[in-house]
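Everything below concerns the one structure shown next.
The values are calculated or read from the model by the stated rules, or taken from the named source; none is laboratory data. Just so you know, these numbers come straight off a predicted model, no measurement behind them. Reconstructed Cβ throughout: ideal geometry from the backbone, glycine too, with neighbour counts over all protein chains shown. Surface areas here come from the heavy atoms of the whole protein model, side chains and all, with no ligands, DNA or RNA. Shrake-Rupley method; radii C 1.70, N 1.55, O 1.52, S 1.80 Å.
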Amino acid sequence: MKKIKIAIYFAAGLMIAPLATSCSDYLDKEPDTELTTEMVFENRDKVYSWLSYIYNIIHKPDKWSLTADGYEVLADDITPSKRWEQWDWNEVIGKITGRWTINSTWGGNLWHMMPRYIRHGYIFNDKVKAMPDHDLPQSEINNMKNEVKFLCAYAWWQLAENYGGIPFKPDYIAPTDFTLSELMVGQSKFDDVVDYCDKEMLEAANALPAVYEDPSKYGRINKIMALTVRSRMLLFAASPIVNGNPWYVNYRNNEGEQIFNPTYDHNKWIKAVDACKLVIDEAEKAGYALYTEPGPNGGIDPFWSTYNVHIKKWSEGNHEITFPVTKDNDYRATFLRTASVREYGGGNGLGVYQGLVDAFFTANGLPIDDPNSGYSEKGFSTTIDKRADITSWNYGTGKEGEITNRGIFNMYCNREPRFYNAVSFHGSWLAVGNRPYNFFYNGRDNIQSSSPHDAPQNGYLVRKGLCVTDNYLTGAITDRQGFTYRLAFTYLDYAEASNEAYNTPEARQQSLIYVNKIRERAGVRKYTFENVAVNNEEYIHVDNTQEAVRKIVRMERRVELCCENNRWYDIRRWLIAEELPEMVGDDYGMNSQGKNANDFFKRTVYQTRIWKRQYYWFPIYVDEYEKNPNLVEAPFWLD
């Protein structure tokens, strides 16, 4: 019988670890002997333990992975306190301030761990078998194998999405008599990886249910989860970063092949839009929908809807979740702690960029730079903003239906509902404390004299995804459902892909339909190519051009999907990072050293960021290509 001493490799043989060691959490040795693969797959519990290990391919639990290892802080939505650099945040803070090199480690650990999970997946699908006498029927085995088929493809895609060129040897399990040179292969063409993952994900999706009838299986890979990841992969593959990008014409593997095709292929956009529409059709047919709560007049309450979509579980009616994550939710340990004020046990330093504050629309649905938006950065409110479309939302002033109180800086007044559910600013309501936030220097929530590292560095804390009544100090914390994607992601993916794939009035109208679905839920005016008033409902006119639609889609993505690990994905694939002021220079916020309103409410530089072109791809850690001379470092990292 074959003992579990099979080495685990990153397709190219970059790392070696005994399987019995790497999986010691569930592959226990029997007395006086080593556990064999045959023994594992003859034991129902160990089969499920092996499957559970493969599920680690779902790398971070959800949008709450705003940690020292998360993607979110690499973009321009979330900004951690630079004072946290003295702890485990030093890696990511170093990356955003220009100290990212081929020697920089990353706790996300994709390069090291994904190949292990992939190999476990291949062994699983090769060895697993039905055990009807032990409540493991063939139908369950078939389902498991399709879950694993998707998960392995998802692991390959996570590597390619982050590193670009990767060693790629799919459907391969190294024999016990391997030689290291056999496994030291170079990187494959990016499109080859995408084509393989596309096929595997679609096959898995077509064999899996859209919703499991057994609620205990919630969180297991299903059709909608697989189709969602596939559609986002194809959207990335159609985007400027890898679709005809001349920057990478000299980026070749060890055999001289171009890793990224420098020739633009418009058909990739067509594949992307078809993939997105497939997700929408299959999801809606299975009962998935944008989460909404009714307002007092029979319409949608935008405040509760845009808040609870991040709080409520599927079992509580939130059928917008298309990729749930049911294990290792770090909301309690990381996000709640870092976004909460010190008085309630928090680190009090996970903020948002001023650019994100500025990105939210005003109450009439216009961007703040539109002269008709009503936006102002001068003075303070003299009235209470009380809106009629709210049922009982009391997270604005602590009183039902009130959004902002008198005396609030006008920058924060008259804004759309999503803004108030995403950003905590001076004077906004701290529900757990039943009082307003005080971010003035040495105010209740900005005490710098005793603990300067636990204070908001630019006058804001992130609120999106935070259950505002949770108390980290006492442990009174809401039981949450983590997720990676929700249907709104796919609506906006489809809106973008439709506009890019078919530059026609009909395609642009499709884009507007799905952007408007998001805006209707958010309580802001929708767009139209026609007259400003349509069917007695006031709309916002937009020019019927591809460029105009592209602009509104990107604005909507910035707001709707902010702080959900999407922005890094977008600014990379659009190749716009060097165009964004907060990615390449001075970052502004309110003056955290201001002791009063006159001093505090001023756009003030709090840090300076550095962006280099090589940052579009993670570098291969120097040790890896020193082990394997067939690897080629990612573009521009060795310039």
Legend entry - Summed residue charge, Cβ within 9 Å of LEU487's Cβ, Lys/Arg positive, Asp/Glu negative: -1
Legend entry - Largest-first ordering by accessible area, 1.4 Å probe, given options PHE489, PHE440: PHE440, PHE489
Legend entry - Percent RCO, i.e. relative contact order, over segment 320-443, from Cα pairs under 8 Å lying at least 6 residues apart: 17
Inset, instruction - Evaluate the distance, in nm, between pseudo-label points positioned 7 Å from the Cα of GLU255 and of VAL584 along their respective Cα→Cβ axes. - result: 3.7
Inset, instruction - First measure r as the distance between the Cβ atoms of THR326 and ASP281, then evaluate 1/(1 + (r/R0)^6) with R0 = 22 Å and state the FRET efficiency to the nearest 0.05. - result: 0.30
Inset, instruction - Would you mind calculating the relative contact order of segment 469-579 from Cα pairs under 8 angstrom and at least 6 residues apart, reporting the percent as a whole number? - result: 21
Legend entry - Paramagnetic label zone (point 7 Å from Cα along Cα-to-C-beta, ALA210; backbone N under 14 Å) in segment 462-504: 487
Legend entry - Rounded if a/c under 1.5, otherwise prolate or oblate - segment 170-263, Cα gyration tensor axes: oblate
Inset, instruction - Could you rank ARG232, ARG554 by how accessible they are, 1.4 Å probe, largest area first? - result: ARG554, ARG232
Legend entry - Rounded to the nearest 10 Å², the accessible area of LYS313 at probe 1.4 Å: 50
Inset, instruction - Quick one: which residues, 5 or more positions from LEU136 or on another chain, have an amide H under 5 Å from its amide H? H modelled 1.01 Å from N in the peptide plane, none for Pro or chain starts. - result: MET131
Legend entry - Dimensions (Å) - segment 459-583, Cα atoms, principal axes, largest first: 55, 40, 28
Legend entry - Between 0 and 90°, nearest 10: helix 223-238 axis offset from the chain longest Cα axis: 80
Legend entry - Whether segment 396-551 is rounded, prolate or oblate, judged on the alpha carbon gyration tensor where a/c under 1.5 counts as rounded: prolate
Inset, instruction - Find the Rg to Rh ratio for the chain, where Rh is the Kirkwood radius over alpha-carbon pairs and Rg uses the same atoms. - result: 0.97
Legend entry - Sequence-distant residues sharing a close amide H with TYR485 (under 5 Å, placed H): THR322, PHE323
Legend entry - Net dipole in debye of segment 411-475 [+1 Lys, Arg Cβ; -1 Asp, Glu Cβ; about Cα centre; nearest 20]: 160
Inset, instruction - Take LYS313, project a point 7 Å from its Cα along the Cβ direction, then tell me which residues of segment 173-213 have their backbone nitrogen under 20 Å from it. - result: 211-213
Legend entry - Cβ charges +1 (Lys, Arg) and -1 (Asp, Glu), total dipole of the chain, debye: 1140
Inset, instruction - Could you look at segment 442-591 and say what percent of its accessible area is carbon and sulfur, using a 1.4 Å probe and all protein chains? - result: 45
Legend entry - Accessible surface, per residue, of the chain when the full set of protein chains is kept, probe 1.4 Å, Å²: 38
Legend entry - Whole-number percent relative contact order across segment 405-487, with pairs defined as alpha carbons under 8 Å at least 6 apart: 24
Inset, instruction - Round to the nearest 10 and give me the degree value, 0 to 90, for the angle of helix 487-501's Cα axis relative to the longest principal axis of the chain. - result: 90
Inset, instruction - Please give the length that would be gained between TRP87 and PHE636 if that part of the chain were fully extended, namely 0.36 nm times their separation in residues minus their C-alpha to C-alpha distance (nm, one decimal). - result: 194.7 nm
Inset, instruction - With a 1.4 Å probe and every protein chain left in place, tell me how much accessible area ARG342 has, in Å² to the nearest 10. - result: 90
Inset, instruction - Using a 1.4 angstrom probe on the protein heavy atoms only, line up ASP192, ASP479, ASP389, ASP133 by accessible area, largest first. - result: ASP133, ASP479, ASP192, ASP389
Inset, instruction - Go through ASN146, GLY594, SER216 and say which Cα lies farthest out towards the positive end of the charge dipole of the chain; charges sit on Cβ, +1 for Lys and Arg, -1 for Asp and Glu. - result: GLY594
Inset, instruction - For helix 267-285, report the angle its Cα long axis makes with the longest principal axis of the Cα atoms of the chain; keep it between 0 and 90° and round to the nearest 10°. - result: 80
Legend entry - Separation of alpha-carbon centers, segment 502-559 and segment 120-134, rounded to whole Å: 49
Legend entry - Difference of contour (0.36 nm per residue) and Cα-Cα distance, ASP192 to THR97: 30.8 nm
Legend entry - Heavy atoms of SER451: accessible area, 1.4 Å probe, square angstrom to 10: 10
Legend entry - Extension gain (nm, one decimal) between PHE178 and ASP265, 0.36 nm per residue minus Cα-Cα: 27.4 nm
Legend entry - Nearest-20 debye value, segment 480-541 charge dipole, Cβ charges on Lys, Arg, Asp, Glu: 360
